[in-house]
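Visitor: So that we are looking at the same thing, I have put the structure below in structure tokens.
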Amino acid sequence: MHLNYLILVVLVLAALWTVMTRSLIRAAIGLAATSAVLTIIMFRLNSPLAAVFELSVCAGLISVLFVSTISLTQPLNKEEVLAHMKERLGRFWVLPFLVIAIGLTLSFIQFKLNLRLPAPEAEKDVRAVLWNLRQLDLLGQIIILITGVFGVVILFRERLKK
Amino acid sequence: MSHLLILVPFCCVIILNLPIRKVMRSLAPVAAIVLSLLQVVMVLCFDCHFWQTQFGIIGTFFKFNLVVDRLAILMLLCIGIVSFVTAVIARVLIKERKERFDFASLLLISLSALNGIVMVRDIFSLYVFLEIAAVISFILIAFKANLLAYEGAFKYIIFSAIASIFLLCGTSLLLITSGSTDFSLINASLTAQAFSPSIILAVGLFLVGLFIKAGVVPFHWWLPDAYSEAPSPVSVYLAGIVTKAVGVYALIRVAVSVFGMHKSICTVFLLLGAVTIVVGAVAAITQTDFKRMLSYSSISQVGYIILALGSASPLGIAAACFHLFNHAIFKSLLFVNAAAVELQTGTRDMDKVSGLSQRMPITGLTSVLGSLSCAGIPPLAGFWSKLLIVIALLSTGHFVYAVVAVLASVVTLGYFLVMQRKVFFGKISEEFSNIKEAGLGIVVPEIILAAITVGIGIFFPVILNRFILPLGG
Amino acid sequence: MSASAVYLFWIFGIFIVMLFSIGLYCILATFNLIRALIGVEILIKAVTLLIIVAGFLSGHTALTQSLVITMIVIEAVVMTIAVGIVLGIHKQNKSLDVRKIRSLKG
């Protein structure tokens, strides 16, 4: 379990770097790194299938999406970047301290959660659960994918027209 | 056969997108109109064969857990009516054929998504359908492709994403205590371990998520932009049914059948409801944009629904559902009126137009009916639902909230009268002296919606015992 | 529930709350539209971790994995639409800075 804690610290650091870093491309890469670290934790918490999805879709697809958006939108020139960086630092320097403070205060509070766990599930196979019990979610996935296709067609047609 | 309500519109979209697009392109708007009308007819004959039929071949393929009760039937009726109206006015307001096709397809998909929200009995599936409806709303708001619409859509995306994250946090905390996402199982585990801190946290997070989606006051910032910058048919659809089903209906459903109306939840409902009513009404007075004023009025009316829910009596829940229905009807009517005014005059600024009643008599008359119903003037439908809300509050001993509800109603009447005087009454200005009434595609929905409002108001004594009181369960 | 499981949940909970604060701070403090989306992404990462932890502790990993898979698909679609809208804003405005486009009233 101690390894898990170490990975969690790395996860928070990756997220912090994503938010604090000055260039947008680095932020997108930081997001991919955060996803990758999260994947490791998911593997260690008995969820390999979801971890594969996280790695391929979030670390892969969504990062590509962000990077291509960033390269499509025009980057600032050098002086602007420098001025922007200073001003960003003014807004964001509080964040690491804030995060550390939140972590410390929470670790000192002994919060009574009174969790009572349910009985373990009968069906252990992800595929069986997904295909037999969560059919409605699968239908929802199909519907939302078609919606997404429509959205891309509509939003990008407008771009081409003008 | 409640499966079909989700499957048929969706399959219809797939068929419409088959490669033979030339034919399909003109067929899509008709399909949207026909399907939503079919839904209204199906719901109106609730006792017919359709609802009782057991699932034959379809049932072996799709094992969905869908339940249709009285509240769900009411919402299905609402969804049918408002989708019908939207589909009809979209034929007039959206000129280009390609856009018309896209709009009709999205309308059909959202029909199946909203039907899913209404019938589903599992909090994660609820989240899935909420998210589908939200994605469709993003696309529809950005449909017009101007900067303001994009901004409204982006604001909505950020708020909606945060809301979904709250919902998911609540879901996972409920999952860890009950081991399931099914409504009845969660309810059983909640009653078994009455309100430990983790459950309070879970319920709180879930409710905040739904409050954001419903546009209740501390979380309402996205709503006016999204409503007023969307194209006119989309505003009708969003204000009339989407946010009502996504936020308010989900709130009622979850509060009643999952969390079981606990006392602390009701206090939160009462407080937020009263604040929402007052803030929405006060903000509506100051607006000059027609659609923006209607958006704030919409926020204020959602406050009434939540206030009624907070009284926690069966009468209160019935009143909340009844007001939800009435609000869907008269707010769609008012947004259709706004669409007619914008179409004919080209502006939404209420200070620029005046005296339109002389030139657009039907729009003027129906908007008077809609506003009076919204303000709660007898004998229109809105009066009866507000009366039920006030009675429910008084009978559970919440006198202060009842007074707030009545006073805010006066404010509502005030801002609607100001709107009427500015836009429809008085002398018509030179600039608009030769405008005409909007086309048949807008006038007919206006008449239908106004007729429903008046009809429910007049026949209220008949439907009270048969339909409304059983809603409280 | 055993004491160790509560302890474990608490530890994970602290880190999840930290991730949440990072994401929310990013959304609130940034003026760039893409960074706001990145903040939302970090929030989604936190919630994914929460669901996985819930499944691990309650022994329902099959259920939670199927939930997470659905969630990831939805997240991808929402992000695609959001990026499309960001590109639309950039095309009309030539800027992604909120301060330059904040024309809407509160």
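Visitor: Among the candidates C:THR70, C:THR61, single out the residue that is in contact with an Asp or Glu (Cβ under 8 Å, 6 or more places away or on another chain) and farther than 27 Å from A:MET20 by Cα. Break it down into steps so the answer makes sense when it comes.
Guide: Values: C:THR61 fails: in contact with an Asp or Glu (Cβ under 8 Å, 6 or more places away or on another chain).
Going through C:THR70, C:THR61 in turn, the sole match is C:THR70.
Visitor: Now, a different point. Can you tell me how many residues within the range B:244-275 are farther than 18 Å from B:PHE322 by Cβ, out of contact with any Pro (no Cβ under 9 Å at 6 or more places or on another chain) and among the β-branched types (Val, Ile, Thr)?
Guide: Final tally of qualifying residues: 6.
Visitor: Which residues, taken from the range C:57-86, are among the β-branched types (Val, Ile, Thr) and without any contact (Cβ under 8 Å) to a residue 24 or more places away in the chain? Write out each step before concluding.
Guide: Step one: filter the range C:57-86 for residues among the β-branched types (Val, Ile, Thr), giving C:61, C:64, C:68-70, C:72-74, C:77-78, C:80-81, C:83, C:85-86.
Once the filter is applied, which keeps residues that are among the β-branched types (Val, Ile, Thr) and without any contact (Cβ under 8 Å) to a residue 24 or more places away in the chain, the range C:57-86 yields C:THR61, C:THR64, C:VAL68, C:ILE69, C:THR70, C:VAL73, C:ILE74, C:VAL77, C:VAL78, C:THR80, C:ILE81, C:ILE85.
This table checks each residue for (1) closer than 22 Å to A:TYR5 by Cα; (2) at pLDDT below 90; (3) buried (at least 17 other Cβ atoms within 10 Å of the Cβ).
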residue	(1), (2), (3)
A:MET20	no, yes, yes
A:LEU24	no, yes, yes
A:ILE29	no, no, yes
A:ALA32	yes, no, yes
A:SER35	yes, no, yes
A:LEU38	yes, no, yes
A:ILE41	yes, no, yes
A:ALA51	yes, no, yes
A:SER56	no, no, no
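Visitor: Something else about it: Filter the range B:131-144 for residues that are under 22 Å from B:LEU27 (Cα atoms) and within 19 Å of the chain's Cα centre (by Cα); which is farthest from the other protein chains (Cβ to nearest Cβ)?
Guide: B:LEU140
Visitor: In the range B:247-330, which helices (runs of 4 or more DSSP H) lie fully inside it and hold 2 or more residues that are of a type outside the set (A, V, I, L, M, F, W, C) and over 20 Å from B:VAL82 (Cβ atoms)? Before the answer, list the steps.
Guide: On the way: elements: B:250-257, B:263-285, B:290-310.
Per the criteria, B:263-285, B:290-310.
Visitor: Checking the conditions here, which among C:ALA54, C:ALA46, C:ALA82 is more than 7 Å from every other protein chain (Cβ to nearest Cβ), on the phi < 0 side of the Ramachandran plot and buried (at least 24 other Cβ atoms within 10 Å of the Cβ)? Walk me through how you get there before you give the answer.
Guide: Details: C:ALA54 fails: more than 7 Å from every other protein chain (Cβ to nearest Cβ); C:ALA82 fails: more than 7 Å from every other protein chain (Cβ to nearest Cβ).
Residue meeting the stated conditions: C:ALA46.
Visitor: Does B:PRO470 qualify as being within 22 Å of the chain's Cα centre (by Cα) and surrounded by fewer than 14 Cβ atoms within 10 Å (Cβ to Cβ)?
Guide: Values: within 22 Å of the chain's Cα centre (by Cα): yes; surrounded by fewer than 14 Cβ atoms within 10 Å (Cβ to Cβ): yes.
Against the criterion (within 22 Å of the chain's Cα centre (by Cα) and surrounded by fewer than 14 Cβ atoms within 10 Å (Cβ to Cβ)), B:PRO470 qualifies.
Visitor: Test B:VAL128 against the criterion of being under 24 Å from B:CYS11 (Cα atoms), away from chain A (no Cβ under 12 Å) and β-branched (Val, Ile, Thr), and give yes or no. Show your work before the answer.
Guide: On the way: under 24 Å from B:CYS11 (Cα atoms): yes; away from chain A (no Cβ under 12 Å): no; β-branched (Val, Ile, Thr): yes.
So B:VAL128 does not fit the description; no.
Visitor: Give the residues of the range B:322-379 that are modelled with pLDDT of 85 or more and acidic (Asp, Glu), sorted by residue number.
Guide: B:GLU342
Visitor: Go through the range A:41-73 and count every residue that is more than 8 Å from chain C (Cβ to nearest Cβ), aliphatic (A, V, I, L, M) and closer than 30 Å to C:SER95 by Cα.
Guide: 3
Visitor: I'd like the full set of residues that are part of a helix (DSSP H, G or I), farther than 18 Å from B:LEU114 by Cα and touching a residue at least 12 places away in the same chain (Cβ under 8 Å), limited to the range B:4-20.
Guide: Filtering the range B:4-20 down to residues part of a helix (DSSP H, G or I) leaves B:4-16.
Right, trim to farther than 18 Å from B:LEU114 by Cα and you get B:15-16.
Of everything in the range B:4-20, just one residue is part of a helix (DSSP H, G or I), farther than 18 Å from B:LEU114 by Cα and touching a residue at least 12 places away in the same chain (Cβ under 8 Å), namely B:LEU16.
Visitor: Still on this model: Using the structure shown, decide if B:SER228 is assigned to a helix (DSSP H, G or I) and either at the interface with another protein chain (Cβ under 7 Å from one of its Cβ atoms) or without any contact (Cβ under 8 Å) to a residue 60 or more places away in the chain (or both). Let's see the steps before the verdict.
Guide: Working: assigned to a helix (DSSP H, G or I): yes; either at the interface with another protein chain (Cβ under 7 Å from one of its Cβ atoms) or without any contact (Cβ under 8 Å) to a residue 60 or more places away in the chain (or both): no.
So B:SER228 does not fit the description; no.
Visitor: Enumerate the pairs (first residue in the range B:153-177 and facing chain C (nearest Cβ under 9 Å); second residue anywhere and of a type in the set (A, V, I, L, M, F, W, C) and not in a helix (DSSP H, G or I)) with beta-carbon separation below 8 Å, excluding pairs fewer than 6 apart on the same chain, so at least 6 apart or on different chains.
Guide: B:LYS155/B:TRP221; B:LYS155/C:LEU104; B:ILE176/A:LEU115; B:ILE176/A:LEU117; B:THR177/A:LEU115; B:THR177/A:LEU117
Visitor: Check whether at least one residue in the range C:87-100 is over 30 Å from A:PHE150 (Cβ atoms), more than 7 Å from chain A (Cβ to nearest Cβ), in contact with a Phe, Trp or Tyr (Cβ under 6 Å, 6 or more places away or on another chain) and in contact (Cβ under 8 Å) with a residue 12 or more places away in the chain, and report yes or no.
Guide: Yes, the conditions are met somewhere in the range C:87-100.
Visitor: Right, another one. Can you tell me which of (1) out of contact with any Lys or Arg (no Cβ under 8 Å at 6 or more places or on another chain); (2) under 24 Å from B:LEU294 (Cα atoms); (3) crowded, with 24+ Cβ neighbours inside 10 Å is the one B:SER160 doesn't meet?
Guide: (1)
Visitor: Could you figure out which of (1) within 13 Å of B:LEU324 (Cα to Cα); (2) at pLDDT 90 or above; (3) of a type outside the set (A, V, I, L, M) isn't true of B:TYR296?
Guide: Looking at each condition in turn, B:TYR296 falls short on (1).
Visitor: A further question on this structure: Within the range B:408-427, count every residue that is under 17 Å from B:ILE306 (Cβ atoms) and loosely packed, with under 15 Cβ neighbours inside 10 Å. Spell out how you get there, then give the answer.
Guide: Residues of the range B:408-427 under 17 Å from B:ILE306 (Cβ atoms): B:408-409, B:412.
From what is left, the residues that are loosely packed, with under 15 Cβ neighbours inside 10 Å are none.
So the count comes out to 0.
Visitor: What residue, among those in the range C:1-29 that are farther than 15 Å from B:PHE159 by Cα and of a type in the set (Val, Ile, Thr), is farthest from the other protein chains (Cβ to nearest Cβ)?
Guide: C:ILE16
The values are calculated or read from the model by the stated rules, or taken from the named source; none is laboratory data. In this text the structure is predicted, and so the values were computed from the model without any measurement. Every residue, glycine as well, gets a Cβ built from its backbone with ideal geometry; the counts of neighbours run over all protein chains shown.
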